[in-house]
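Before any comments, here is the structure.
The values are calculated or read from the model by the stated rules, or taken from the named source; none is laboratory data. This one's a predicted model, so the numbers in the text were calculated from it and none came from an experiment. Backbone-built Cβ (ideal geometry, glycine too); neighbour counts: all protein chains shown. The accessibility values were calculated without ligands, DNA or RNA, using every heavy atom of the protein model including side chains. Shrake-Rupley method; radii C 1.70, N 1.55, O 1.52, S 1.80 Å.
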Amino acid sequence: HLNEVVSTGLQSMDQILAGGFHCGSLNIIAARPGMGKSTLALQLAINMAKSHGKTVCFFSFEMSMGQLNLRLKELIGKETEISELPISLDAPCWITPNLIHEKLSNIQNLGAVILDYVQLIRHNEAHIQGWQKQNLCEIIRELKQIAKEFKIIVIGISQLPRTTEDRRDHHPTINDFLCMDNAMEQYADTVLLLYRDAYYNHTADRSSMEIVVAKNRYGKTGTLKFCWSEI
């Protein structure tokens, strides 16, 4: 059901998102490298698999299956086996929205898909000679269509451009996200920007993470603060 809401497993995030991630929604988690995007995404996959009971499919275009299994096992802990959770892992060398659609069609009781990360998704027409520029906006639009068609939660991990590096305050803003493609914002239901001060400031608390809710179709925006232990 499109109005179904699934807990993120993070109380303050659930509160600001009106209960959690909404089925039929496209949610973007964006940050610079080294901010913990993949770790947060894997933890969200675990949390949703536990709370929802439906299959969460995690596509990684950077990690191998071995690396993916190892990272997931580290987060789950010794008490639980990966096979006990409804999580489907996939680490294809490359993929297009059409291939994502095809793979998801073969998964039973699907609840969510996480894509790490969207800039590595190829356009459906990328094989055509002369195709130069990856049309990120078109890919984001197709991911939104997948969310609506399958009535699932789609989470796309995205790499922010270097604009944050050139400022004294490195906190990401919605404008950094819009630098990639102005039209991307219209398809995303939520945009979550990650920031860890310890990446820039070596004296800062290494366990501290901020999640900036920069766009929220379901309520207000704002900044949430977490310890890594909570995530």
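The table that follows gives values for the structure above.
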quantity	calculated
Counted residues, the range 119-149 - those being within 19 Å of C93 (Cα to Cα) and at pLDDT 90 or above	1
Condition check for H171: modelled with pLDDT under 70 and open to solvent by 30 Å² or more (accessible area, probe 1.4 Å)	no
Entirely in the range 52-151, the strands (runs of 3 or more DSSP E) that have 1 or more residues that are among the hydroxyl-bearing types (S, T, Y) and open to solvent by less than 80 Å² (accessible area, probe 1.4 Å)	55-60, 87-90
Looking only at the range 39-51, and only at residues there that are at pLDDT 90 or above and open to solvent by 10 Å² or more (accessible area, probe 1.4 Å), the one that is farthest from the chain's Cα centre (by Cα)	K50
Hits in the range 178-188 - residues which are at pLDDT 70 or above and touching a strand residue (DSSP E or B) at 6+ places or on another chain (Cβ under 9 Å)	M184, E185, Y187, A188
Any hit, the range 51-61, residues being free of Cβ contacts under 8 Å to residues at least 12 places away in the same chain and in contact with a Ser or Thr (Cβ under 8 Å, 6 or more places away or on another chain)	no
Complete set of residues in the range 21-38 that are at pLDDT 95 or above and of a type outside the set (A, V, I, L, M, F, W, C)	H22, G24, S25, N27
Residue selected from the range 163-174 under the condition assigned to a helix (DSSP H, G or I) and either touching a helix residue (DSSP H, G or I) at 6+ places or on another chain (Cβ under 9 Å) or without any contact (Cβ under 8 Å) to a residue 40 or more places away in the chain (or both), by the criterion nearest to I28 (Cα to Cα)	I174
Hits in the range 14-32 (condition: under 14 Å from the mean Cα position of the chain (by Cα) and outside any strand (DSSP E or B))	G20, S25, R32
